[in-house]
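Please read the structure below before turning to the comments.
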Amino acid sequence: MKLLSTHMQAVVIETYGDADVLQYKEVPLPAITGDELLIQTRSAGVSPFDTQVRAGRYKDEYYALPMILGWELSGIVVAVGTKVTSFQVGDEIFAYPAGSRAGRAYAQYTVIKASEAVHKPVTITHHQAAAASMNAITAWQALFDAANIQAGQRVLIQAAAGGVGHLAVQLAKWKGAYVMGTASIRNADFLEGLGVDEVIDYTKISVAKAMKPVDVVIDTMGADVLKQSFSLIKKGGTAVTLIDFEGIKSATRYGVMGKTVFATPNQVQLQQIAQLLEQGIVKPHIEAIFPLHQAQKAHRHVELGHTRGKVVLAVK
């Protein structure tokens, strides 16, 4: 596939701050090395993680400016590195690039390592694939790597209608767990449709009073929600947080194992997720689609909170 330009459109941040720092502009087309792929991006997921990076939360840990955000993508291979044998030009793929470097998915073309991608099932759209990449990997690693959930266990997923939460629900049900989820009443029917056994409206009732002790809690909220989760777990059970790496240290005071997950690319897991997507066992929900040049609006939407499923950017 011949590229017609040496430049592309992308969303760039040159300083940290609110959504206004996202700039839609022309930048040079990236080059690839031997183990990489150049992807014509079709869809890029927008997550709370993106907004936190943009605001500067991780500025002293990983990233240098200027940078292009985006760690969830689906698209078409347009160039293949010399060491790559598992993909060819024209393949449709989806991928989760490592969060420890700039993801660069908010762009017409994206460079990823071949080891971070898998072939996209023909049965799903690029938007669905992008929505499932980082979030499904995160849910998988929280449920199966960190918590090692088993069939019949009672699993509580905090913010179960969110991007990670609604996929964690489906994966936990696939594994045979009894799944509870916290959500506002507007999401009750949505979660029941995904198979949640008990939906707990946290706005009207104490979660602790609404349920029996559980084996596992998956926390996507942190702070007070995580702290309250400890008392909901059976002695020897597990709390897994995706966000509050300090707060989880208190788990031992409650006789609970505390685990953290900062998702990392895993091609084997992503391939298993692709099979579940192809079979319709896991179905990502897309709440809103914004064109790439409206990334500011997409970030503001995510920062309002209470997103059902996923927000994505359509890239042309």
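The values are calculated or read from the model by the stated rules, or taken from the named source; none is laboratory data. Predicted model, so just to flag it, every value in this text is computed and none were measured. For neighbour counting, all protein chains shown are included, and Cβ atoms are generated from backbone atoms with ideal geometry for every residue, glycine included.
Filter the stretch 172-187 down to the residues that are in a helix (DSSP H, G or I) and either more than 10 Å from Ala160 (Cα to Cα) or basic (Lys, Arg) (or both) and list them by number. Scanning the stretch 172-187 gives Ala172, Lys173, Trp174, Lys175, Ile185, Arg186. Against the criterion of being surrounded by fewer than 23 Cβ atoms within 10 Å (Cβ to Cβ) and in a helix (DSSP H, G or I), Gly193 qualifies. Among the residues of this structure, Val216 does not count as one that is touching a residue at least 24 places away in the same chain (Cβ under 8 Å), surrounded by 23 or more Cβ atoms within 10 Å (Cβ to Cβ) and touching a helix residue (DSSP H, G or I) at 6+ places or on another chain (Cβ under 6 Å).
Across the stretch 59-77, the number of residues qualifying as over 15 Å from Ala95 (Cα atoms) and surrounded by 17 or more Cβ atoms within 10 Å (Cβ to Cβ) comes to 3. Assuming Leu167 fulfils every condition listed in (1) within 29 Å of Ala95 (Cα to Cα); (2) out of contact with any Pro (no Cβ under 8 Å at 6 or more places or on another chain); (3) in the same structural domain as Ala151 (by TED's automatic domain parsing) apart from one, which condition is it? Of everything listed in (1) within 29 Å of Ala95 (Cα to Cα); (2) out of contact with any Pro (no Cβ under 8 Å at 6 or more places or on another chain); (3) in the same structural domain as Ala151 (by TED's automatic domain parsing), Leu167 misses just condition (2).
When Asp244, Asp215, Asp224 are screened for being acidic (Asp, Glu) and touching a Leu at 6+ places or on another chain (Cβ under 6 Å), only Asp244 passes.
Can you tell me which of Leu226, Leu242 is modelled with pLDDT under 95 and either in contact with a Pro (Cβ under 9 Å, 6 or more places away or on another chain) or crowded, with 21+ Cβ neighbours inside 10 Å (or both)? After ruling out the rest, the residue left standing is Leu226. Note on the stretch 124-164: residues that are surrounded by fewer than 20 Cβ atoms within 10 Å (Cβ to Cβ) and not assigned by TED's automatic domain parsing to the domain that holds Val196 total 1.
One line per residue, one yes/no per condition, for (1) within 23 Å of the chain's Cα centre (by Cα); (2) among the hydrophobic types (A, V, I, L, M, F, W, C):
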residue: Thr6; (1), (2): no, no
residue: Ile13; (1), (2): yes, yes
residue: Glu36; (1), (2): yes, no
residue: Arg42; (1), (2): yes, no
residue: Asp60; (1), (2): yes, no
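Of the candidates Gln296, Gln275, the single residue that is outside any strand (DSSP E or B) and not assigned by TED's automatic domain parsing to the domain that holds Ser47 is Gln275. Among the residues making up the stretch 17-50, those that are under 29 Å from His285 (Cα atoms), part of a loop (DSSP other than H, G, I, E, B) and not polar (S, T, N, Q) are Gly17, Asp18, Leu22.
Scoring Val53 on the criteria (1) surrounded by 20 or more Cβ atoms within 10 Å (Cβ to Cβ); (2) assigned to a strand (DSSP E or B) leaves a single failure, condition (2). Within the stretch 249-296, the set of residues being among the β-branched types (Val, Ile, Thr), touching a residue at least 24 places away in the same chain (Cβ under 8 Å) and over 16 Å from Leu167 (Cα atoms) comprises Val256, Thr260, Thr264, Ile289.
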